[in-house]
1. Here are ALA208, ALA138, ALA222: which of them is in contact with a strand residue (DSSP E or B) (Cβ under 7 Å, 6 or more places away or on another chain) and aliphatic (A, V, I, L, M)?
2. Given the criterion open to solvent by less than 30 Å² (accessible area, probe 1.4 Å) and over 19 Å from ASP68 (Cα atoms), identify the matching residue among ASP217, ASP183, ASP251, ASP244.
3. Out of LEU332, LEU308, which single residue is in the same structural domain as ASN144 (by TED's automatic domain parsing) and open to solvent by less than 40 Å² (accessible area, probe 1.4 Å)?
4. Out of (1) more than 22 Å from PHE205 (Cα to Cα); (2) surrounded by fewer than 19 Cβ atoms within 10 Å (Cβ to Cβ), what's the single condition that is false for GLU268?
5. Of everything in region 82-103 that's assigned to a helix (DSSP H, G or I) and crowded, with 20+ Cβ neighbours inside 10 Å, which residue is modelled with the lowest pLDDT?
6. Can you say whether ALA260 is open to solvent by less than 40 Å² (accessible area, probe 1.4 Å), under 20 Å from ILE284 (Cα atoms) and not assigned by TED's automatic domain parsing to the domain that holds VAL145, as far as the supplied structure shows?
7. Identify, from the list ALA179, ALA155, ALA187, ALA170, the residue that is small (Gly, Ala, Ser) and closer than 25 Å to THR76 by Cβ.
8. For GLU231, are the conditions met, namely being modelled with pLDDT of 95 or more and within 19 Å of TRP71 (Cα to Cα)?
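The values are calculated or read from the model by the stated rules, or taken from the named source; none is laboratory data. Here the structure is a predicted model, which is why all the values come from computation and not from measurement. Here the Cβ positions follow ideal geometry from the backbone for every residue, glycine too, while neighbour counts run over all protein chains shown. Please note that ligands, DNA and RNA were not included when accessible areas were found on the heavy atoms of the full protein model with its side chains. Shrake-Rupley method; radii C 1.70, N 1.55, O 1.52, S 1.80 Å.
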Amino acid sequence: MSATKQRRFRRSMTTAVCAVGATALVSGCTGNTPEPVAAAASGGGQAATANDDPGETVRIGFSAPAADHGWMAGITEAARAEDERYEDVELVVAEGTNDVGAQISQVETFINDGVDAIVLLPFDGAAMTPVALKAMEAGIPVINVDREFSSPFAARATVLGDNYGMGVSAGTYVCSQLADKPDAIVAEIAGIDSLPLTQDRSKGFADALADCGLDVDNRVAAEFTVESGEEVAANLLQAAPQIDAIWNHDDDQGVGVLAAINNAGRSEFFMVGGAGSANAMRSIQADDSVLKATVIYPSTQAADGVRLARLIAQGKRLSDLVQVEIPRQIVLNAPVVTKDNVDQYLDSAFES
């Protein structure tokens, strides 16, 4: 193994553990192989803009599933935008695929080509774990995005959305809007029930509603598509003649949900979306439908992965943290977007 590979391997296999949670707090950080830090004059900190200064060029391999959903397309677009942002980043983008074997081959190609880091949103986290371990053992730090590997040793850092937090945010907003209706009827249009992410979102929603004395009265599950959203929403509206609030887990399927609502001529309730698409935000901004809010599941996760990969490959740190290591896990926030704050989020939203 070359000296450069050995240095990358030591950095990538660090035992530092630091979780940045949905509330942006840092907890429980330890480390035995500190990464180099450009210390500032006071307190050993780093200037907030120092990390953006050009450094040694790094080649980053990027692989993600096929862009068959607006959110997934947004993931790759945001990653490419980071490539354009930094002159010292060369992003090698593999063709999106839902074939696990093909994605494994993509990562093996990255390893053979000797890239400096890999950002990987796996189609199947467990299935991609062995090849991610292979990359790490070769001294190439892997940044795991969205769908976790089955081994903690398969990634140097992991960037996650907060599915449970999405449910909590949606439920808290619903509670705030129905504070004067203790008997309010709440409906939920979930995604694919067999997926842990859907289960986490539903649990967070139920927990938040329980805190204000409400519960889910009517629940259906769709498949994250426009067609399934319209079908299950039509069934829900037929079964529930009166509704006060609906939480729809996904803004892509929400296009179909809103079509069903319009076809039924229903408007006695408000709806909260999920994931944070641009078309949903524009509707919220225009205040032209029952959709009054959406909860973000960031489509910028891979872009954050690219930034972390650049910092790790260049031996840098997060300038806003005292900790000298890049965190092992970052869990992104799940904010509620309403008419009052939509301008803050619209530019980074994905198109459904």
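1. Exactly one of ALA208, ALA138, ALA222 is in contact with a strand residue (DSSP E or B) (Cβ under 7 Å, 6 or more places away or on another chain) and aliphatic (A, V, I, L, M), namely ALA222.
2. The match here is ASP244.
3. LEU308
4. Evaluating GLU268 over (1) more than 22 Å from PHE205 (Cα to Cα); (2) surrounded by fewer than 19 Cβ atoms within 10 Å (Cβ to Cβ) leaves (1) as the failure.
5. Taking the candidates together, the pick is GLU82.
6. Spelling it out, ALA260 is indeed open to solvent by less than 40 Å² (accessible area, probe 1.4 Å), under 20 Å from ILE284 (Cα atoms) and not assigned by TED's automatic domain parsing to the domain that holds VAL145.
7. It is ALA155.
8. no
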